1. Express in nm, to one decimal, how much length is gained between Arg99 and Lys115 on full extension, taking 0.36 nm for each residue of separation and deducting their alpha carbon distance.
2. Place a point 7 Å from the Cα of Leu9 along the Cα-to-Cβ direction; which residues of region 105-122 have their backbone N under 20 Å from it?
3. For region 2-39 and region 66-130, what is the separation of their C-alpha centers, rounded to whole Å?
4. Could you order peptides 97-108, 5-16 by the average number of other Cβ atoms within 10 Å of their residues, highest first?
5. Quick one: among Gly82, Gly60, Gly74, which has the greatest mean-square fluctuation in a GNM of the chain with alpha-carbon springs under 10 angstrom?
6. For helix 42-55, what angle does its Cα long axis make with the longest principal axis of the chain, in degrees from 0 to 90 and rounded to 10?
7. What nm distance separates the two modelled labels at Arg130 and Asn91, each placed 7 Å from Cα along Cα→Cβ?
8. For the chain, modelled as a GNM with alpha-carbon contacts under 10 angstrom, which of Gly24, Gly117, Gly56 fluctuates the most?
Amino acid sequence: MNGTFLWGLGRRKTAVARVRLRSGAGGFVVNEKPMHAFFTILEQQKRALAPLVATGNSEGYDVWCTVSGGGPAGQADAVCLGLARALKRLNPGYDGVLRDQGLLTRDSRMKERKKYGRRGARRGFQFSKR
């Protein structure tokens, strides 16, 4: 794996993250910014780092992410899934550890589409008797 990247794709709501993983000093870059500058909320930082912490590889790999769409929380979850998939590809033995913590499960909840004759997905127009 020296010099080559392992790829992982993660999705959550409308966010898509392409994650590259390579052995290194432990750098974490998201959209050409340090991870702490991109995800300013501590919970989002923890969520993005969760697969590395679960497998005990916090310092052994450099991570580059390209994220688009969605909001910060969805983007952090997309990075988490992409990183977990890349680590699983690196070492299939990590599958059990990552799956036990729910890091390899795609959260399939999406926004419901708007229906015709309604104001939103479910909300109808206000009824007026007169």
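Since every read-out is calculated from the coordinates, none of them should be taken as a lab result. Since we're looking at a predicted model, the values are computed, not measured. Note that each Cβ is placed from the backbone with ideal geometry, even for glycine, and that neighbours are counted across all protein chains shown.
1. Working: separation 16, 0.36 × 16 = 5.76 nm, distance 3.62 nm.
Roughly 2.1 nm would be gained on extension.
2. 105-111, by backbone N distance to the label point.
3. What the calculation gives is 18 Å, centre to centre.
4. Values: 97-108: 14.6, 5-16: 18.5.
Per-residue Cβ counts within 10 Å, averaged per peptide and sorted highest first, yield 5-16, 97-108.
5. Among Gly82, Gly60, Gly74, the largest mean-square fluctuation in the Gaussian network model of the chain belongs to Gly60.
6. Roughly 50 degrees, rounded to the nearest 10.
7. 7.5 nm
8. Its mean-square fluctuation being the largest, the pick is Gly117.
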